[in-house]
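Chemist: First the structure, then my questions, so here it is.
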Amino acid sequence: MPTRIVLADDHALVRQGIKSLLEREGMQVVAEAGDGQEAVRHAESLHPDIVVMDIGMPTLNGMDAARELGRCCPKTKPILLTQHDEDQYVSEALDAGVKGYVLKNQVASDLLLAIQQVLKGQVYLSPGISGAVMAAYRSKARRPVDPLTARERQVLQLIAEGKSTKDIASLLGVSVKTAESHRSRLMQKLDIHETASLVRYAVKRGLIQV
């Protein structure tokens with residue numbers, strides 16, 4: 001059986017290029033998605049071996065999509081594609097349960113190797129990522145735990161993307177009152193009460209890309 005993959009990136013041309021690369025190697029792209037929420041839905045219904053996704057996607061970013069996959073589809077392995085090689089992104093990705101972390105400028109050479117390693121139960125990091133990152137990740141000196149729940153992080157991302165409370169409620173399939181409650185709670189937890197400051201926090205945490 002060919003390796004079954006869900007491919008998620010908000011740029012159709014990027015998806016097309018990666019799909020061609022994978023299919024040339026005999027892998028099967030069973031679904032494509034333009035955001036993390038759609039990727040998770042496809043994974044729940046299709047049970048792929050791997051989800052390959054961009055880290056920076058609208059509605060639900062790759063980090064939080066990986067966390068969702070860990071809850072709903074533990075047998076599906078997430079691989080992130082990203083331009084970020086900074087320690088904080090790599091550490092957070094590993095915390096989120098990501099099994100492969102591939103730098104976008106090395107996709108052609110690294111993605112297939114990452115898939116092979118991940119299918120064997122190993123964790124793959126692009127060679128461009130310093131070994132010091134893994135050492136820091138394994139050390140006791142870890143960064144502070146994010147106080148937000150998965151849903152609150154998603155609401156924060158949507159706020160940072162400029163969505164109104166009504167838009168957020170519609171995207172999440174909840175009432176406006178519930179969306180407002182999430183918004184109020186996350187602002188209280190973070191002690192941040194201005195939208196501009198929330199956007200800065202979301203950027204710092206990698207929830208949105210700039």
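The values are calculated or read from the model by the stated rules, or taken from the named source; none is laboratory data. Since this is a predicted model, take the numbers as computed values, not measurements. Positions of Cβ are generated from backbone atoms using ideal geometry, with glycine treated the same way; all protein chains shown enter the neighbour counts. Only protein heavy atoms, including side chains, enter the accessible area calculation; ligands, DNA and RNA are left aside. Shrake-Rupley method; radii C 1.70, N 1.55, O 1.52, S 1.80 Å.
Chemist: Determine which lysines satisfy two conditions relative to residue 177: a Cα distance under 24 Å, and not lying fewer than 8 residues away in the same chain.
Modeler: Leaving aside lysines fewer than 8 places away in the same chain, those within reach of residue 177 are 163, 166, 189.
Chemist: Keeping all protein chains in position, work out how much accessible area residue 49 exposes to a 1.4 Å probe, and write it in Å² to the nearest 10.
Modeler: The value for residue 49 is about 60 Å².
Chemist: Give me the log10 of I(q) over I(0) for the stretch 1-73 at q = 0.14, 0.17, 0.23 Å⁻¹, as the Debye formula computes it from C-alpha points; what are the numbers?
Modeler: For the stretch 1-73, the Cα-only Debye profile gives -0.37, -0.54, -0.96.
Chemist: Using the Kirkwood radius over Cα pairs, work out the Stokes-Einstein diffusion coefficient for the chain at 20 °C and 1.002 mPa s, in µm²/s as a whole number.
Modeler: Details: Rh = 17.6 Å.
My calculation gives 122 µm²/s for D.
Chemist: In units of 2.2 N^0.38 Å, what is the alpha-carbon radius of gyration of the stretch 147-210? Each step should come with its number before you reach the end.
Modeler: On the way: Rg = 10.6 Å, N = 64, 2.2 N^0.38 = 10.7 Å.
Dividing the Cα radius of gyration by 2.2 N^0.38 Å gives 0.99.
Chemist: State, as an integer percentage, the relative contact order of the chain based on alpha-carbon contacts under 8 Å between residues 6 or more apart. Intermediate results must be reported in sequence, preceding the final value.
Modeler: Values: 313 pairs, mean separation 32.5, N = 210.
Over the chain, the number comes to 15 percent.
Chemist: What angle do you read, to the nearest 10 degrees and between 0 and 90, between the alpha-carbon axis of helix 150-160 and the longest principal axis of the chain?
Modeler: So the inclination is approximately 80 degrees.
Chemist: Okay, next question. Once you sort the root eigenvalues of the Cα gyration tensor of the stretch 13-130 as a ≥ b ≥ c, which label holds: rounded (a/c under 1.5), prolate (a/b larger than b/c) or oblate (the other case)?
Modeler: On the way: a/c = 1.31, a/b = 1.07, b/c = 1.23.
Rounded shape, in that the Cα axes give a/c under 1.5.
Chemist: Identify which of 176, 40, 118 has the largest mean-square fluctuation in a Gaussian network model of the chain, with springs joining Cα atoms closer than 10 Å.
Modeler: 176
Chemist: Quick one: accessible area per residue over the chain, 1.4 Å probe, rounded to a whole number of Å²? Intermediate values should be presented prior to the final figure.
Modeler: Working: 10210 Å² over 210 residues.
Ligands and nucleic acids excluded, the result is 49 Å² per residue.
Chemist: I would also like to ask the following. Once neighbouring chains are kept in place and the probe is 1.4 Å, which whole percent of the accessible area of the chain is contributed by carbon and sulfur?
Modeler: On the way: 5250 of 10210 Å².
After summing per-atom areas, the C and S share lands at 51 percent.
Chemist: Turning to a different aspect of this structure: Between residue 197 and residue 13, what FRET efficiency follows from the Cβ-Cβ distance if R0 is 35 Å, with the result rounded to 0.05? Don't skip to the end; give the middle numbers.
Modeler: Numbers: r = 34 Å, r/R0 = 0.98.
It comes to 0.50.
Chemist: Ok, one more. Would you mind estimating how fast the stretch 43-94 diffuses translationally, via Stokes-Einstein at 25 °C and 0.890 mPa s with the Kirkwood radius over Cα pairs, in µm²/s?
Modeler: Numbers: Rh = 11.4 Å.
D = 216 µm²/s.
Chemist: Taking a cut-off of 15 Å, what percent of all Cα-Cα pairs in the stretch 71-120 are separated by more than that?
Modeler: Pairs farther apart than 15 Å: 46 percent.
Chemist: In straight Cα distance, which lysines are under 23 Å from residue 75, not counting same-chain residues fewer than 8 positions off?
Modeler: Qualifying lysines at Cα under 23 Å: 19, 99, 120.
Chemist: What are the aspartates and glutamates whose alpha-carbon lies under 20 Å from the alpha-carbon of residue 104, with same-chain residues fewer than 8 places away excluded?
Modeler: Here the aspartates and glutamates satisfying the reach criterion relative to residue 104 are 9, 10, 23, 25, 32, 35, 54, 64, 85, 86, 87, 92.
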